[in-house]
Each structure stands twice: as structure tokens, then as C-alpha cells.
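For reference, the structure is listed below as C-alpha cells.
The values are calculated or read from the model by the stated rules, or taken from the named source; none is laboratory data. This one's a predicted model, so the numbers in the text were calculated from it and none came from an experiment. Please note: Cβ atoms are built from the backbone with ideal geometry, for glycine as well, and neighbour counts cover all protein chains shown. Heavy atoms of the whole protein, side chains included, go into the accessibility calculation; ligands, DNA and RNA do not. Shrake-Rupley method; radii C 1.70, N 1.55, O 1.52, S 1.80 Å.
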Amino acid sequence: MINALKFTLILTFLALFSFQARAQLTTKAQTPPMGWMSWNLFEGNISEQSVKEITDALISSGMYEAGYEYVIIDDLWQGGRGADGKLFPDPEKFPNGMKALADYVHSKGLKLGIYTDVAEFTCAGKVGSLNYEEVDAKTFADWGMDYVKVDYCGAPKDLQTAIKRYTKMAKAIEISGRDMVFAICEWGQRSPWLWGAEAGGQLWRTTWDLRDTWEHGDFYAGKAGIMEVLDRQADLSKYAGPGQWNDPDMLMVGLYGKGSSSSANGAAGCTDREYQSQMSLWSLLSAPLLACNDIRTMNAETKRIFTNKEVISINQDALGTQAKRLFKKGTIEIWGKQLADGDWAVGLLNRDDEKEQTISIDLQLLKIEGGVEIRDLWEHKSMGDFEDSFSLEVAPHEVKLVRISTTQ
Ligand code: GLA
């Protein structure tokens, strides 16, 4: 009871008096990180070979050219901690060690990321970094890592401990001598958007693990679908900006239910339209764009969704604004974010399961007066000039993503 009260008081204090969310705290991750993360597809099958193959596929598919640069090794890479106190990778999975693998990834122009936990063990039960923060950060730096995802399984639930442990890890990364992005992963349980940047993180997960499904019906008990996770981003836009991103978890695009825990509780995968909607929404949210599908064998539709440069430019816009939910009525929503050049990116979302709906947007909502040009970013074409308002037909579970520029 006393602990719960303390927790609430500290969070209230942070919300009222903490850092200015948009103040410049770092030069890292000035736009949301883009890349690929191993967890959903590989889990324990992660290996040197698979990382190399994914790296090559990111290049041959055009994804690297489109901006996806991080290859992030998630949990279950670990072999253990040696007598010298240092972590070592599983020798069967990574026979040539992490340094050689980082050299390979770097030689192709990409960056490599790794995973640990600020407790004794990671979420999948491997050795964690508690009390070895400096040693481990130095090891990751020596290996040539560029990104470190740090989980919270097995750590005490209270807020002070979370802030303390993440700050310690961030400091260790800071003094390691290598620029490594620091990704906090405590699943949004202690409102990390209030303290994550000050603790030294450039991004922080805002929810439990996202499942490979459009809507699961229940956010809790491992049932977070794209819609449930989206709802939890609606009030977080003020905490995002260059170097400090809310992270609603990976892009499920092209996974088609082939993951393991991402398909827990019957999450059987999504349709291409739903995957495209996630790409639209995550771009509007300035979320990290981290694919998790099998890049080596992905189909043309998946590749098309990932590599749309007009959509990616909304995500990577220099202003770093996270979209707000500007309108919601029944199963219709309008999400919008302002861009560095003064344009607006707007997503018209139809959450209805069956019926197509006409979604109209009154330009007053964006405080725009006069004429605008509207461009459909998936169709790559201008829809013409409009004044005051415009309407679009939106299919079930579709997001129409448009860029709005004033013409006068
Ligand atoms: C947690 C994280 C996941 C993944 C797994 C690995 O569940 O939220 O993203 O890193 O641990 O064990």
C-alpha cells in the first residue's frame, strides 16, 4: 500500500516537474531507429549464420537502401559468463564470436545490436547484466555493437529500482567508449516516457509484447494486438522527439503468424492490408521501424509495404513529432502529425471489421485555412486540391495515409 502510494507520488512528481520532454539530451537516434530484430521469428534459433543471411537480405531486398540499418540480436544469444567475468555468446550459435559478426555486418554498411537485462537473468532465462553493467557495456563496445536493448524481467517492480538500474546501465554505455543506442524495455509498466530520456535511454517500450494480430480483445495477459497497442500511444505524443522515442514494439509486417511467442494466445497473423495499416500508424507515431519477419524469403507485398519511401519519410521526419489522435467516433479515427516543412501527415483509420466507411476530415482540425493539396502516400499520387474538407472511402482495417500541403 505504502509502496503503491510512493509509486504514484513519484510518477506525479515526474509528470509535473521532470525534464522538458523535447529538450535535446543526446545526439543519438535523432530519428526513430530502423532495422530488424530477431525475437519474434527466431527466438532460440538465432545464430551467426541467420544474422549474416538477414544482413544480406536487407541489402538485396532494398530495405537497407530504404533506411533499415540495425540488425538487432535479441535474447538467447548468450553462452554464459566466463571466469574473467565477461559474457560470451553461445559457441554453437556464434562459432566465430560477436566481434567477427559485427565486422561482417559493418563491412556491409549496417549496424549490429544486442540484448541484455538489468537483473540476474533475462526474460528467456539467460545470464543478465545486474552488477556487471560496466563490464557488459564494455564487452558490447569491444564487440562493436551499435544498439543495446535492455529488458527488465526478474527485476523488482518498484519505480526507483527501475530508474536506478537503467541509469546505471546507461552510464556504463556512456563510458564504454562507443556510441550505442540504449533501448529501455520495461513494457511501459512504470511510465518510462516520464523518466526514460533522463535515465539515458533513446527509446522505451510503451507496452507488453505486441502480438501478430490486428485486435485481440484484451490488452492484458499477453493479448496485445495492433489496435490495443495503438490505443496506448494516444496520450504519449508529448514525450517523443529526436533522441527520445516511444516504442510500441516491432512491425509485424510479413510475419503471417510464423513467430512463436508473437503468436501466443491464438494470434494467427494479419492480412496484408492490416500490416500496411501498422506501417502507416507506426510511421505516424514516429515509432522505431523494426521488422521481425523472414527478410530472406519475404514476398513482394511485404517488401512493398516496408520500402515505401514516402511513408518512411513520415516516420523519419526531422521534427520528430508523434501523431496525436485528432478525432475518434465509433470505429473511425483520424491521427495526424505535423512535419518539418509545415505539411501534415494524416492517417484515416477504419477500425470496423466489416464495413467500408467514408471518413471526412475538416481541415479546421489541422487549423488549416484555404486550399490544400492531398497526396495519397500508398498510391503515390496527388488526389487533387481541396478546400475546407475532404473525404475518402476507407476499407475495414485500412489506414489511408495522406500528406497535406497548403497551396496558398
Ligand atoms: C521480453 C521482451 C521481448 C523479448 C523477450 C526476450 O518479453 O519484451 O521483446 O526481448 O523478452 O526474452
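Axis angle, to the nearest 10 degrees, between helix 272-284 and the longest C-alpha principal axis of the chain: 80 degrees.
Convex hull of alpha carbon positions in the range 40-138: directionally averaged projected area 6.6 nm².
Using a 1.4 Å probe on the protein chains only, how many percent of the accessible area of the range 127-237 belongs to carbon and sulfur?
Numbers: 1830 of 3870 Å².
Whole-percent figure for carbon plus sulfur exposure: 47.
Surface exposure of the chain, expressed per residue as accessible area with a 1.4 Å probe, stands at 40 Å². Heavy-atom surface analysis with a 1.4 Å probe gives the range 260-307 a carbon and sulfur content of 47 percent of its accessible area.
Evaluate the relative contact order of the range 276-320 (contact order divided by residue number), counting alpha-carbon pairs under 8 angstrom at least 6 apart; express in whole percent. Kindly include the intermediate steps, with their values, before the conclusion.
Numbers: 21 pairs, mean separation 26.6, N = 45.
Relative contact order for the range 276-320 comes out at 59 percent.
Measuring how big the chain is from its alpha-carbon positions, Rg and Dmax come out at 21.0, 70 Å. Peptides 116-123, 360-367 ranked from most to least packed, by the mean per-residue count of other Cβ atoms within 10 Å: 116-123, 360-367. Extension gain for Ala340-Phe386 works out to 14.4 nm (0.36 nm per residue, less the C-alpha to C-alpha distance). What a 1.4 Å probe finds exposed on the range 34-120 is 48% carbon and sulfur by accessible area, rounded to a whole percent. Between 0 and 90 degrees, the angle of helix 2-17 with respect to the longest Cα principal axis of the chain falls at about 60 degrees. With the charge dipole of the chain set up from +1 on Lys and Arg Cβ and -1 on Asp and Glu Cβ about the Cα centre, the Cα lying farthest toward the positive end among the listed residues Leu339, Pro248, Leu159 is that of Leu159.
Using only DSSP helix segments of four residues or longer, with each worth -39500 (n - 2.57), what per-residue ellipticity at 222 nm results for the chain after dividing by its residue count and rounding to 500?
Working: 12 runs with 112 residues, N = 408.
For the chain, the value works out to -8000 deg cm²/dmol.
Quick check on my link table: of Lys28/Lys337; Lys238/Lys329; Lys168/Lys258, which ones sit more than 32 Å apart, alpha carbon to alpha carbon? Pairs exceeding 32 Å: Lys168/Lys258. Using a probe of 1.4 Å on the protein chains alone, the accessible area found for His380 is around 90 Å².
Roughly how big is the range 263-408's charge dipole about its Cα centre, with Cβ charges of +1 (Lys, Arg) and -1 (Asp, Glu), in debye to the nearest 20? List each step's numbers first, then the result.
Working: 17 positive and 23 negative charges, 104 e Å.
Taking the Cα centre of the range 263-408 as origin, the dipole is about 500 debye.
Within the full protein context, the accessible area of Arg232 is estimated at about 90 Å² for a probe radius of 1.4 Å.
How high is the relative contact order of the chain, in percent, with contacts defined as C-alpha pairs under 8 Å that are six or more residues apart? Display every interim value, and only then the final one.
Values: 911 pairs, mean separation 57.0, N = 408.
Computed over the chain, the figure is 14 percent.
Only four residue types carry charge here, +1 at the Cβ of Lys and Arg and -1 at the Cβ of Asp and Glu. Report the dipole size of the chain about the Cα centre in Debye, rounded to the nearest 20.
Details: 43 positive and 57 negative charges, 210 e Å.
Rounded to the nearest 20 debye, it is 1000 debye.
When the chain is treated as a Gaussian network with alpha carbon springs shorter than 10 Å, the biggest mean-square fluctuation among Asp136, Asp247, Asp352 belongs to Asp352. Rounded to the nearest 10 degrees, the angle from helix 97-107 to the longest Cα principal axis of the chain is 40 degrees.
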